[in-house]
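The values are calculated or read from the model by the stated rules, or taken from the named source; none is laboratory data. These figures come from a predicted structure and were not determined experimentally. Don't worry about glycine lacking a Cβ; one is built from the backbone with ideal geometry, like all the others, and counts go over all protein chains shown. Ligands, DNA and RNA are stripped out before the accessible areas are found, and what is left, the full protein with its side chains, is counted by its heavy atoms. Shrake-Rupley method; radii C 1.70, N 1.55, O 1.52, S 1.80 Å.
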Amino acid sequence: MLALPDVVAFELGLPHKLIGTAVDDAERLLYRVRVATLDGGPVRTSAGYSVLPEHDASILRTADTVIIPGVYSGPATERGVLEPELAAALDGLSARMVSICTGAFVLAAAGLLDGRPATTHWMHADTFRALFPQVKLDPDVLYVDDGDVLTSAGNAAGIDLLLHVVRRDHGPGVANRVARRSVVAPWREGGQSQFMEPVPDPDGPGTAPTRAWALDRLHEPLTLAELAAHSAMSVRTFTRRFRQETGMSPARWLVHQRVSTARRLLETTDLPVERIAAEAGFGTTASLRQHLHAAIGVAPLAYRRTYRGVAG
């Protein structure tokens, strides 16, 4: 982890809590987490105190993954340029690069996001676009995994991204155990919206009853027209209100709920995969396999084996 001046204190602590506590079945640690500053000296945090790391930036040359938490100020966030010391520290690294929140400004200023998809906190999206028009910024997602470079939105989205890293490296069983120990949600889809607008008419009709109705009918081929009709709204009004209340489209929400249902059935039952695909509303095992792989990177039987093995 590279802690820069004015580092966001909350985000600085996340990798130790999440990645640093990941263990295998024998309770052996799977990562070594180290904190560095550019010169090995103390840096000020956003919380009004300073931290003194054990390392300087030279340790980055030995790292498999470099994580840059968000920062509140500095040339990268204000002018889109790197200070010479920071540029030298990041130059030529072969490590996987991960940013949380405004840490994406640092990666972009280093040229590591040129032509690539990325995200950052939605409040800083306009500034980011002005400084780095060459980056394919998507400010409406929790995190973006582009292989060797991963970026997340602010604060809690950093939790989602770090759990995704653990899941990608060591499987859902290990990531689920980290999440349970930290009492956080084990999985939120990276493409989920990071910002939900307030409902303009809180006393008016909402979509919550229809969502509850749909959850009891996930095994059915629910259509947008059926959902809108249940809410006694036009399709256009229902879609707009649904997105305002949940942060995602009805179709994406249905897929998210069906994947969650399939995961629960894989974890807690011995039902065959064909039955789980039907119960979750995917219809076919091929559809279940496609959506589960897109969400967490594993096939149904591999997920069941991994989860059951860790639980055992």
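Here is how the numbers come out for the structure above:
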{"read-out": "Whichever residue in the stretch 96-124 is in a helix (DSSP H, G or I) and among the small types (Gly, Ala, Ser) and, among such residues, is most open to solvent (accessible area, probe 1.4 Å)", "value": "ALA109"}
{"read-out": "Meets criteria (assigned to a helix (DSSP H, G or I) and more than 30 Å from VAL174 (Cα to Cα)) for PRO209", "value": "yes"}
{"read-out": "Helices (runs of 4 or more DSSP H) contained in the stretch 238-312 and holding at least 3 residues among the hydroxyl-bearing types (Ser, Thr, Tyr)", "value": "250-268, 300-311"}
{"read-out": "Count of residues meeting criterion [open to solvent by less than 30 Å² (accessible area, probe 1.4 Å), in contact (Cβ under 8 Å) with a residue 40 or more places away in the chain and acidic (Asp, Glu)] in the stretch 151-170", "value": "0"}
{"read-out": "Count of the stretch 118-135 residues which are within 23 Å of THR65 (Cα to Cα) and either of a type in the set (S, T, N, Q) or at pLDDT below 95 (or both)", "value": "3"}
{"read-out": "Count of residues meeting criterion [out of contact with any strand residue (DSSP E or B) (no Cβ under 6 Å at 6 or more places or on another chain) and among the aliphatic types (A, V, I, L, M)] in the stretch 1-22", "value": "6"}
{"read-out": "Subset tally (residues that are loosely packed, with under 15 Cβ neighbours inside 10 Å, under 28 Å from the mean Cα position of the chain (by Cα) and touching a residue at least 12 places away in the same chain (Cβ under 8 Å)) for the stretch 218-251", "value": "1"}
{"read-out": "Members of the stretch 127-150 that are surrounded by fewer than 16 Cβ atoms within 10 Å (Cβ to Cβ) and touching a residue at least 40 places away in the same chain (Cβ under 8 Å)", "value": "THR127, ASP148"}
{"read-out": "Restricting the stretch 263-302 to residues that are β-branched (Val, Ile, Thr) and in contact (Cβ under 8 Å) with a residue 24 or more places away in the chain, the residue that is farthest from ARG252 (Cα to Cα)", "value": "VAL273"}
